[in-house]
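First up is the structure itself, then whatever we jot down about it.
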Amino acid sequence: MDILIIVLIIAGLAIAEHTEAGQIRTALSWIRDLHAAIAPFGPFGFWLAGTLIIVANIPTIVVIACAAVLYGTVGAAVMGMACLLTASVVIYALSQVFGRSLIAAHLERFLPILERQFAARGVRTVMLVRLMFFALPPTNWALAVMNIRLREYLFGTFLGAIPHILMWAWIGAATIDMLAGQAAFSWSAPEVWGPLVVGGGLTVLTALLQRRATRRAAA
């Protein structure tokens, strides 16, 4: 999934190379000016809006990309994680009240198996799911309805989301620089091939962890 999205972004960068950089810089300046207009409450407003966006089933990478416009790579990583964890608390609370009755009929056959896995290895299971799917909208809600404590859900989400958030914060900042004409697009640029390597590494890491977990379970 990560690699596919990265390839689409790189294709968009190649196309955007022929777009007027001035127009893109104007749009970015408008976003930054809007953020500055509500200072000093800008970060709080972004955190609240980003949290609601994730709860509304919009992919978290959208929040991280927007944060990269305003806060750069490090700020985007911090803000992205803050929004994801806060949204996870909200989703968990809503799912525990309303969610189980909605999915029980659809997962009646597999729910006992899934719940045994979460009961025995809650943090590790959440971490593995996050490593594989990050914060895709169905993942957020599906995890929250399992028989897992909130602290396990949050800790597993935090551990599993770290590589993805760092990668997407890096991609977001690099993409903005290229679109704004501050850095020329080049297939040999670290900003292009680096995320591909990281995305591929995440895929391999997740596969290895799952294989190891399966062997331990079988033993």
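The values are calculated or read from the model by the stated rules, or taken from the named source; none is laboratory data. Since we're looking at a predicted model, the values are computed, not measured. We place every Cβ from the backbone using ideal geometry, glycine too, and count neighbours over all the protein chains shown. Just the protein is used for accessible areas: all its heavy atoms, side chains included, with ligands, DNA and RNA removed. Shrake-Rupley method; radii C 1.70, N 1.55, O 1.52, S 1.80 Å.
Assorted remarks:
- The numbered conditions (1) in a helix (DSSP H, G or I); (2) at pLDDT 85 or above; (3) within 27 Å of P138 (Cα to Cα); (4) open to solvent by 30 Å² or more (accessible area, probe 1.4 Å) are all true for I58 except (1).
- Residues (open to solvent by 20 Å² or more (accessible area, probe 1.4 Å) and either in a loop (DSSP other than H, G, I, E, B) or modelled with pLDDT of 75 or more (or both)) located in segment 176-196: G181, Q182, A183, A184, F185, S186, W187, S188
- When A21, A11, A65 are screened for being surrounded by 13 or more Cβ atoms within 10 Å (Cβ to Cβ) and at pLDDT below 75, only A21 passes.
- The helices (runs of 4 or more DSSP H) falling completely within segment 106-154 that include 1 or more residues that are modelled with pLDDT of 80 or more and under 17 Å from T86 (Cα atoms) map to 122-133, 137-144.
- Considering segment 42-55, the residues that are open to solvent by less than 40 Å² (accessible area, probe 1.4 Å) and closer than 17 Å to W141 by Cβ include one that is modelled with the highest pLDDT, namely T51.
- Test for R100: is it assigned to a helix (DSSP H, G or I), closer than 21 Å to I171 by Cβ and either at pLDDT below 65 or open to solvent by 80 Å² or more (accessible area, probe 1.4 Å) (or both): no
- Here T73 passes the criteria (1) open to solvent by less than 30 Å² (accessible area, probe 1.4 Å); (2) within 30 Å of I171 (Cα to Cα); (3) modelled with pLDDT under 90; (4) hydroxyl-bearing (S, T, Y) except the one numbered (1).
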